[in-house]
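The values are calculated or read from the model by the stated rules, or taken from the named source; none is laboratory data. What you see is a predicted model, and the numbers here were worked out from it, not measured in a lab. Here the Cβ positions follow ideal geometry from the backbone for every residue, glycine too, while neighbour counts run over all protein chains shown. What goes into the accessible areas is simple: the full protein's heavy atoms, side chains included, and nothing from ligands, DNA or RNA. Shrake-Rupley method; radii C 1.70, N 1.55, O 1.52, S 1.80 Å.
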Amino acid sequence: MNPYEILQHPYVTEKTLMLIEKNNALQFIVKIDANKKQVKEAVEKIFGVKVEKVNTRLTKKGKIATVKLHPEYNAEDIGMR
């Protein structure tokens, strides 16, 4: 599957900005039928980073994936791309 089809767009709120600073993590709205492995591979391919962990949850806005990056990568730099 195309990684650009899996990641629909970033999910940005005040809470997600705190996640970027404190947990080195980003949040994305993802395709509803995408699994954690597909999300991990899509983020790694699009942004050229290593992903440590992926958590997903379903909300009214769709499926939201929280992607925690390896410590050697800075989520703040990736979030500003």
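Along the axis of the charge dipole computed for segment 16-60 (Cβ charges of +1 for Lys and Arg, -1 for Asp and Glu, origin at the Cα centre), the listed residues Val51, Leu19, Ala34 are led at the positive end by Ala34.
Taking all Cα pairs closer than 8 Å and separated by 6 or more residues, the relative contact order of segment 1-47 comes to 53 percent. Tyr4 contributes an accessible area of around 150 Å² to the protein surface, as traced by a 1.4 Å probe with all chains present. In terms of accessible area, using a 1.4 Å probe and ignoring ligands and nucleic acids, Thr66, Thr13 rank largest first as Thr13, Thr66. Estimated from helical segments only, the mean residue ellipticity of the chain at 222 nm is -10000 deg cm²/dmol, where each DSSP H run of four or more residues counts as -39500 (n - 2.57). Note on Asn2/Lys50: beta-carbon distance plugged into 1/(1 + (r/R0)^6) with R0 of 22 Å gives a FRET efficiency of 0.60. Across the protein chains, with a 1.4 Å probe defining accessible surface, the residues Met1, Met18, Met80 rank Met80, Met1, Met18 from largest area downward. About its Cα centre, the chain has a charge dipole of approximately 380 debye under the convention of +1 per Lys or Arg Cβ and -1 per Asp or Glu Cβ, with nothing else charged. Annotation: lysines with alpha-carbon distance below 22 angstrom to Lys40 (same-chain offsets under eight excluded): Lys15, Lys22, Lys31, Lys50, Lys53, Lys61, Lys63, Lys68. Largest GNM mean-square fluctuation across Glu41, Glu14, Glu52, computed for the chain with C-alpha springs under 10 Å, falls on Glu14.
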